[in-house]
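Only one structure is covered here, and it is reproduced in the block below.
The values are calculated or read from the model by the stated rules, or taken from the named source; none is laboratory data. Computed from a predicted model, the values in this text were never measured in an experiment. So basically every Cβ, Gly included, is an ideal-geometry build from the backbone, and we count neighbours across all protein chains shown.
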Amino acid sequence: MRYIQLTKEDFEKAGIPFNPKTFYRWAVKGKYPEMFSKIGGRILLDVEKFYELVEQNKLSRKNRVYSKSNA
């Protein structure tokens, strides 16, 4: 596990191309709880869990079946 703070600098170092505020909102709302830990009052992101979720999402999108609608 590798934890980083929800700062722009830490996100850049970790190669995460998202705004840290988005992750803060997710943590506060309880979305993707496996990605976050709270230590000493600070919310931290588990970078490995983040990339695992990205990979899972890529795989699930690959297996989707798209149908054409008769619009």
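Annotations for the structure displayed:
- Considering only residues in region 32-47 that are of a type in the set (D, E, K, R) and surrounded by fewer than 12 Cβ atoms within 10 Å (Cβ to Cβ), the one that is farthest from MET1 (Cα to Cα) turns out to be ARG42.
- Here is the figure for region 1-15: residues that are under 12 Å from LEU45 (Cα atoms) and at pLDDT 95 or above total 7.
- Scan region 36-61 for residues that are outside any helix (DSSP H, G or I) and touching a strand residue (DSSP E or B) at 6+ places or on another chain (Cβ under 9 Å) and the total you get is 9.
- Among the residues of region 12-35, those identified as within 16 Å of GLU52 (Cα to Cα) and in a helix (DSSP H, G or I) are ALA14, PHE23, PRO33, GLU34, MET35.
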